[in-house]
Amino acid sequence: MEEALITLAIHTFEKAQILKTILESEGIEVCIHNVNQIQPVISAGVRIRIKESDLPHALRIMEDTKWLNDHAGNRFAEVAARQVLIPTDFSDYSVKACETGIHYAHRTGAEEVMFLHVYFNAYIPPSFPFVSELLTDREEEKKTSLHSAHLQAIEQMERWCASIERKMASGELPRVKYDYMLLEGLPEEEIRLYAREYCPSLIVMGTRGNRQKDLDITGSVTGEIIELTDIPLLAVPAQVPFNNLYDMKRLAFALSFNQRDLIAFDRFAAFFKAYSHVEIQLFNISTSKNEWNEIRLGGFHAYLKKQYPDLTFNHTVLDEGDLLEAIDSFVREKQIDMIACSTYRRSMIMRVFYPSIAHRMLFHSNTPLLVIPV
């Protein structure tokens, strides 16, 4: 029986060809789908497929060669840039994230808010023999063209901005300077690349919260950006009862007891100096050896209180057992309004088989999550 093929990655045509060449040079058989081999006009959505038995070898090759890595440098955007990037797909949960981002921008004196929409064009060139039979007139062809997809994206964005403008005019939202950008391609890739170019101090994105299905979880753009971006990201679930971070009373900061925590907290303090009224609850993300967690948390508490005397701190040791369940109980008991945690760039193999705690919390909670890369 012929071995089934699985999708290793989805990239633009150019990157798919590069990856195909690298894998085939290592003896891995590769097929690419959703592309016109004669006229490569589709710029995104190309699937790289391999045999399932070749997956471990392929992942090692991709990690070892670091073929997709961008140039080093520009790793972090400076807070002084004061630009807020809000990717949107015009869904209801994007509205909540947008309003939260606008309030944050106004409160912190941001110079600009940028709305970003990435649309995917499913255009199939009529040069294919079977397509010429299906397209009965030029109107049908127009509907599948890149031009049509772009016009639709413009119309959606203009309606989006008109809605924002009405809310600003009525006082429902504070007035801030804003602009928008439309890009064609894969959302997770285009958002990441544009963010590196635009250099916002914060990315604000929406999520559906813990009610979404498994299919939504595996395909979440927000989850992918969390794993890949070098810029702090605020994920806002649709069920959050507020859209202004100034309404928060208690914020929890996750500690893993390493040097990255200190770096992440320093960046966090710079972001939230306009929210000094919020009580900060420190908690551990290791639920074993309870007595050591108490000692470590106490030490971090004392250190941070000394370094940031204007902030209010408390700390809580999570109950032993399942980490996500312990976090849920902690959030309910302490009435936590938002969770902040650090994350770092990991190997592709680790991201595939062991999602980060930030990624897991994103889909397990209806509490906003601030992720700070270090």
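Quick notes
- Length-normalised contact order of the stretch 288-331 in % [C-alpha pairs under 8 Å, at least 6 apart]: 39
- Residue pairs, from the table LYS167/LYS273; LYS177/LYS249; LYS167/LYS334; LYS273/LYS305; LYS15/LYS51; LYS15/LYS96, whose Cα atoms sit over 23 Å apart: LYS167/LYS273; LYS177/LYS249; LYS167/LYS334; LYS15/LYS96
- The residues ASP179, ASP54, ASP261, sorted by heavy-atom accessible surface at 1.4 Å with ligands and nucleic acids left out, run ASP179, ASP54, ASP261 from largest to smallest.
- Positive minus negative residues near PHE253 (Lys, Arg vs Asp, Glu; Cβ under 14 Å): +2
- Rounded to the nearest 10 Å², the accessible area of HIS106 at probe 1.4 Å: 100
- Calculated from backbone phi, Karplus (6.51, -1.76, 1.60) coupling profile of the stretch 191-199 in Hz, x at Gly/Pro: 5, 4, 5, 5, 4, 5, 7, 6, 6
- By accessible area with a 1.4 Å probe, ligands and nucleic acids excluded, highest first: order of TRP292, TRP160: TRP292, TRP160
The values are calculated or read from the model by the stated rules, or taken from the named source; none is laboratory data. Since this is a predicted model, take the numbers as computed values, not measurements. Cβ: placed from backbone, ideal geometry, glycine included. Neighbour counts: every protein chain shown. These area figures cover heavy atoms from the full protein model, side chains too; ligands, DNA and RNA do not enter into them. Shrake-Rupley method; radii C 1.70, N 1.55, O 1.52, S 1.80 Å.
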